[in-house]
Amino acid sequence: MDSRVNVVSNFFNTQPYLDNTFNIALRESIINELKPKLILGKSVLDIGCGDGSLSLPFLKSNKVVAIDSAKAMLLKAKLKFSQVESNYEPEIIEGDFLSYSFSKKFDLILCIGVVAHIENIELLFSKIYDLLEDDGHAIIQISDADHYRYKNSKSSLQNYGYELNKTGKQEFIKKLINSGFKLKKQSGYSWSFFPISRFSQKGQFFILNKIRKVPVFNFLTSEWLFLVSKVA
Ligand SMILES: C[S@@+](CC[C@H](N)C(=O)[O-])C[C@H]1O[C@@H](n2cnc3c(N)ncnc32)[C@H](O)[C@@H]1O
């Protein structure tokens, strides 16, 4: 693994990212809305799978491959996966997605919470594109770096030990399209804020999940998930 990936892994091996369960639950809820219908046995790749929460719902009926560069995250994912009965044995890979050689293509690729930690978005997109089946889909997430709330947010100002990739939503969409993807759907949510941030994790999820569906609150949306495909 190159040094950037080592620093990223070190960050995720030691930081309490997983404490924000409201955030993971919101992502799960949106993936559930955006995802295409997958028939039994289709393959799913979860890039930067973290504790595996986002690929867990696919485990029962799909062939899941989960990759992450952080060992501590993968230990949690392994434990989660071992508690689900599935017809298909999930494959868990410790490594850098950008340099890992996959031997097959995928019907659905999840890339959630990862873009900010990758230096070269074009490289990431071209690898995802190449790994997608011709009729496959990917769901890719970003925090909109142009959003007024992101600029002063704790997560954008935090010291990661490396420069975060800060890309605005419009530039991100342009890069997706320049990489050959067709944008099919998008949906977003708001990061937590006072006084909602005083609620329990479940409470924050409940409120933010309601808010994201009310158009008048759209101006709060800083986190975006895009469903893309190779064909229109
Ligand atoms: C913010 S977490 C997101 C975890 C999960 N996808 C979620 O949304 O809850 C980012 C994860 O991506 C992993 N990651 C970052 N860069 C990576 C790379 N180049 N290859 C594999 N995993 C990577 C980190 O180790 C970390 O577990």
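Looking at the range 21-41, can you tell me whether even one residue there is more than 9 Å from the ligand (Cβ to nearest atom) and closer than 25 Å to G161 by Cβ? Looking through the range 21-41, at least one residue is more than 9 Å from the ligand (Cβ to nearest atom) and closer than 25 Å to G161 by Cβ. Those helices (runs of 4 or more DSSP H) of the range 151-220 in which 2 or more residues are over 23 Å from N120 (Cα atoms) occupy 201-211.
In the range 49-64, the residues that are more than 15 Å from the ligand (Cβ to nearest atom) reach residues that are outside any loop (DSSP other than H, G, I, E, B) and of a type in the set (S, T, N, Q) with C-beta atoms within less than 9 angstrom, at least six apart or across chains, in these pairs: N62/S43; K63/S43. Per the listing A116, A145, A138, A70, the residue uniquely in contact with a Gly (Cβ under 9 Å, 6 or more places away or on another chain) and either closer than 22 Å to L34 by Cβ or more than 10 Å from the ligand (Cβ to nearest atom) (or both) is A145. Tell me yes or no: at least one residue of the range 74-94 is closer than 24 Å to K166 by Cα and either at pLDDT 95 or above or of a type outside the set (S, T, N, Q) (or both). No: the range 74-94 contains no residue that is closer than 24 Å to K166 by Cα and either at pLDDT 95 or above or of a type outside the set (S, T, N, Q) (or both).
If you go through the range 25-33 one residue at a time, do you hit one that is in a loop (DSSP other than H, G, I, E, B), in contact (Cβ under 8 Å) with a residue 24 or more places away in the chain and not hydrophobic (A, V, I, L, M, F, W, C)?
Among the residues of the range 25-33, not one is in a loop (DSSP other than H, G, I, E, B), in contact (Cβ under 8 Å) with a residue 24 or more places away in the chain and not hydrophobic (A, V, I, L, M, F, W, C), which makes the answer no.
Screening the range 37-48 for residues that are touching a residue at least 60 places away in the same chain (Cβ under 8 Å) and either among the hydroxyl-bearing types (S, T, Y) or assigned to a loop (DSSP other than H, G, I, E, B) (or both) and picking the one that is surrounded by the most Cβ atoms within 10 Å (Cβ to Cβ) gives G48.
Go through the range 73-91 and give me each residue that's within 12 Å of the ligand (Cβ to nearest atom) and within 23 Å of G41 (Cβ to Cβ).
If the condition is that a residue be within 12 Å of the ligand (Cβ to nearest atom) and within 23 Å of G41 (Cβ to Cβ), then A77, K80 are the ones that fit.
Remark: pairs (first residue in the range 3-14, within 13 Å of K71 (Cβ to Cβ) and more than 6 Å from the ligand (Cβ to nearest atom); second residue small (G, A, S) and in a helix (DSSP H, G or I); Cβ separation under 9 Å; 6+ apart in sequence or on different chains) = N13/A72; T14/A72.
Looking for something modelled with pLDDT of 95 or more, touching a Lys or Arg at 6+ places or on another chain (Cβ under 6 Å) and more than 18 Å from I47 (Cβ to Cβ) - is there at least one such residue anywhere in the range 167-185? No, because not a single residue in the range 167-185 is modelled with pLDDT of 95 or more, touching a Lys or Arg at 6+ places or on another chain (Cβ under 6 Å) and more than 18 Å from I47 (Cβ to Cβ).
Just to be sure, is L98 under 19 Å from Y129 (Cα atoms), within 13 Å of the ligand (Cβ to nearest atom) and either of a type outside the set (F, W, Y) or surrounded by 18 or more Cβ atoms within 10 Å (Cβ to Cβ) (or both)? Considered against the rule, which asks whether it is under 19 Å from Y129 (Cα atoms), within 13 Å of the ligand (Cβ to nearest atom) and either of a type outside the set (F, W, Y) or surrounded by 18 or more Cβ atoms within 10 Å (Cβ to Cβ) (or both), L98 comes out as yes.
The values are calculated or read from the model by the stated rules, or taken from the named source; none is laboratory data. What you see is a predicted model; the values in this text were computed from it and never measured. Here Cβ is always computed from backbone atoms with ideal geometry, including for glycine, and neighbour counts include all displayed protein chains.
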